[in-house]
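Below is one structure; the comments refer to it alone.
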Amino acid sequence: MAEPRESWSSRTGFILAAVGSAVGLGNIWRFPYVAYDNGGGAFMVPYLIALLTAGIPLLFLDYIIGHKYRAAAPRAYKKMVPSAQFVGWWQTLVSFVIAIYYAAVIVWAGSYMFFSFGQKWGEDTTTFFVSDFVQHTGELTSVFVPQMFTGLIIVWAVAILIMFGGIRKGVELANKICIPLLIVLFGIMVFKAITLPGAIVGINAFFEPNWVKMQDPNVWLAAYGHVFFSLSVGFGIMVTYASYLKKNTNLTGAGLVVGFANSSFELIAGIGIFAAIGFMAMSSGQDVAEVASGGVGLAFFVFPKILSSMGSSGDFVGFLFFGSLVVAGISSLISILEVPISAFQDKFDWSRKKAVAIIVGVCAVISISAFSTGSSLVLVDVIDHFANNIGIVAGGLMSIVWVTWFNRQKIPGLLAHINRTSSIKLGGAWVFMLTVITPTVLTIALGLKLINLVQEPYEGYSTTILLLFGWGVVVFFGLGAFILTRMKGIHDAEDDKSRALDDARR
């Protein structure tokens with residue numbers, strides 16, 4: 001007998017979990033540099049436009065599908081349009097793959113929490129991270145890295161413990177701890193950063209508008225791309241989370257809270273990061289442009305240098321910064337894992353504990369085996385690039401195309417569902433943004449990325465690495481989704497009947 005579907009204890013619990021998913025590592029180490037590099041203060045204009053015309057409309061679509069059909073992505077899409085089950089499984093497998101390498105990045109941040117005390121990275125922060133810590137060689141290697149093995153064991157043990165607790169006692173409770181903790185840790189770090197000498201130089205550089213940049217189409221693509229990744233849309237998370245909501249939840253109100261809470265955190269992150277960069281620029285006599293960086297480089301090369309410049313106080317600031325990365329990473333990891341766990345529960349009628357044991361267990365074994373070696377940096381870089389730029393974008397684009405282009409007759413029913421309980425009603429503007437603006441931008445972004453990846457090997461990696469862990473991962477999404485779609489599910493007959501009744505009512 002199937003377990004009854006779980007639900008959040010309250011709308012607040014859902015919002016905290018959704019914010020926990022949206023606020024991840026990218027908010028801290030990606031957004032500040034993307035904004036700075038694409039016009040500073042002027043970037044906020046395309047960023048807000050992208051948020052309102054693509055990010056939040058697609059977030060609403062995810063909410064409607066999950067809430068209306070009360071299932072994880074594959075079954076929810078299937079209950080709406082049978083052929084769209086493929087889209088749900090594509091998104092599910094994207095989440096599965098992201099979870100595998102995301103744990104490694106959490107281990108990096110967790111290790112650096114402790115490296116901060118005594119600033120163990122020394123003078124050459126790049127060499128310490130690349131050669132001494134992850135033992136990167138530039139190619140695939142079987143060199144065993146003990147500290148990664150130990151760290152991954154801990155991260156996966158925490159993840160399994162949380163996921164075994166279910167929605168209320170696991171995911172929701174973890175976010176009720178993680179989000180306030182993240183606010184405290186990062187808030188103290190930002191406060192400390194803005195009081196440093198030279199902080200205003202960095203903050204000015206971050207906000208100084210370069211209006212000429214707004215004429216560059218790439219800046220607008222960067223804004224849409226970042227918003228899309230940042231809100232956790234397009235890979236099943238918000239569909240799954242919305243499926244646990246109670247029937248009379250205010251969906252648009254919750255969506256706006258999540259969207260703007262996520263953006264507010266990014267803005268605060270930009271202030272804190274660039275205040276610290278301004279301090280380092282002044283201390284070293286360099287220009288902010290020479291110090292500024294994003295991604296792994298910011299977190300593990302640049303920021304440790306900044307901390308070393310602070311003397312003994314850098315230990316405490318480092319603990320806060322890397323602690324924030326760990327907390328943000330954990331809250332995002334559990335949301336990513338919930339997607340395949342819920343999807344396989346729906347498909348095969350597994351119990352919660354069985355789904356967690358199998359899905360998280362398989363993720364953990366692959367993750368520990370692959371990322372406890374000197375190949376971890378290569379694998380994270382390549383898999384992340386292809387999973388994000390092709391997997392997530394294609395998943396989001398397919399969800400829009402299947403629903404709004406191939407099955408436009410479904411749109412009135414979706415609108416009626418969300419408007420029934422929501423404080424802010426959706427209408428023609430939402431449909432226009434979802435059917436025209438968002439797919440146009442995503443198609444351009446995906447097309448340009450595919451052309452770029454075909455014409456030029458990513459980061460100069462060997463053909464073998466790119467075929468196995470880049471294009472191979474994309475093939476896994478498609479082939480895996482096809483196979484899982486063809487497999488018989490326990491609820492197939494029930495879903496067919498439900499869909500027929502839904503169409504009859506329409």
Subject >> Model label zone, Phe316; criterion: amide N under 17 Å from point 7 Å along Cα-to-beta-carbon; scope region 177-218 >> reply: 184-197
Subject >> Principal axis dimensions, region 53-120 - Cα atoms, whole angstrom, descending >> reply: 57, 26, 19
**OP:** Give the accessible surface of region 39-132 per residue, rounded to a whole number of Å², with probe radius 1.4 Å and ligands, DNA and RNA excluded.
**Re:** 24 Å²
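Do the alpha carbons of any pairs in Lys120/Lys169; Lys247/Lys488; Lys353/Lys410; Lys68/Lys169; Lys120/Lys354; Lys246/Lys410 sit beyond 31 Å of each other, and which pairs? Write down the numbers at each step before the final one.
Working: Lys120/Lys169 37 Å; Lys247/Lys488 28 Å; Lys353/Lys410 35 Å; Lys68/Lys169 24 Å; Lys120/Lys354 42 Å; Lys246/Lys410 22 Å.
Too far apart for the 31 Å limit: Lys120/Lys169; Lys353/Lys410; Lys120/Lys354.
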Original post:
Rounded to the nearest 500 deg cm²/dmol, what is the calculated helix-only ellipticity per residue at 222 nm for the chain, with -39500 (n - 2.57) per DSSP H run of length n ≥ 4?
Top reply: -21500 deg cm²/dmol
Original post:
To the nearest 0.05, how large is the calculated FRET efficiency for Asp124 and Leu468 if R₀ is 25 Å and r is the Cβ-Cβ distance?
Top reply: 0.20
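For a quick check of your reading of the filter: which trypsin sites (Lys or Arg not before Pro) in region 215-316 sit in a DSSP loop and have no more than 12 other Cβ atoms within 10 Å?
On the way: sites: Lys246, Lys247, Lys305; in loops: Lys246, Lys247.
Here the sparse-neighbourhood loop sites are Lys247.
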Original post:
How much of Val97 can a 1.4 Å solvent probe reach, expressed as accessible area in Å² and rounded to 10?
Top reply: 20 Å²
Original post:
Can you list residues whose amide H is under 5 Å from Thr373's amide H, if they're 5+ apart or on another chain and H is modeled 1.01 Å from N?
Top reply: Val145
**OP:** Mind giving me the FRET efficiency for Lys425 and Ser131? R0 is 51 Å, r the Cβ-Cβ distance, nearest 0.05 is fine.
**Re:** 0.35
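Roughly speaking, what is the stretch gain from Glu208 to Gln286, that is 0.36 nm per residue apart minus the C-alpha to C-alpha distance, in nm to one decimal? Write down the numbers at each step before the final one.
On the way: separation 78, 0.36 × 78 = 28.08 nm, distance 1.80 nm.
Full extension from Glu208 to Gln286 adds 26.3 nm.
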**OP:** Please work out the average accessible area per residue across region 211-367, using the 1.4 Å probe convention, and give it in Å².
**Re:** 29 Å²
**OP:** Mark the label point 7 Å from the Cα of Ile490 along Cα→Cβ and return the residues of region 337-357 whose backbone N is within less than 17 Å of it.
**Re:** 340-357
Original post:
Carbon and sulfur together cover what percent of the accessible area of the chain at a 1.4 Å probe radius?
Top reply: 67 percent
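Fully extended, how many nm does the chain gain between Val143 and Thr443 (0.36 nm per residue separation, minus their Cα-Cα distance)? Don't skip to the end; give the middle numbers.
Values: separation 300, 0.36 × 300 = 108.00 nm, distance 4.02 nm.
Full extension from Val143 to Thr443 adds 104.0 nm.
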Subject >> Accessible area (Å², 1.4 Å probe, nearest 10) - Glu290 >> reply: 120 Å²
Original post:
How many nm is it between the label spots at Asn250 and Ile200, if each spot is 7 Å from the Cα in line with the beta carbon?
Top reply: 4.1 nm
**OP:** Can you pull the one-decimal nm distance between simple spin-label points at Phe117 and Ser10, each 7 Å off the Cα toward Cβ?
**Re:** 3.6 nm
**OP:** Compute, for Ser142, the solvent-accessible surface of its heavy atoms (probe 1.4 Å) with the complete set of protein chains present, and express it in square angstrom to the nearest 10.
**Re:** 110 Å²
**OP:** In square nanometres and to one decimal, what's the mean projected area of the convex hull around the Cα atoms of the chain?
**Re:** 21.9 nm²
Subject >> Virtual spin-label span in nm between Gln215 and Gln409, 7 Å along Cα→Cβ >> reply: 4.9 nm
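Pick out the long, greasy-scoring helices in the chain: whole DSSP H runs spanning 24 Å or more along their own axis by Cα, mean Kyte-Doolittle at least 0.0.
Span-like helices, by this rule, are 85-115, 146-164, 173-194, 251-284, 313-348, 352-371, 438-455.
The values are calculated or read from the model by the stated rules, or taken from the named source; none is laboratory data. All values derive from a computational prediction rather than experimental measurement. Methodologically, a virtual Cβ is constructed for each residue, glycine included, from the backbone with ideal geometry; neighbour enumeration extends over all protein chains shown. Areas reflect the complete protein model, heavy atoms only, side chains present, ligands, DNA and RNA absent. Shrake-Rupley method; radii C 1.70, N 1.55, O 1.52, S 1.80 Å.
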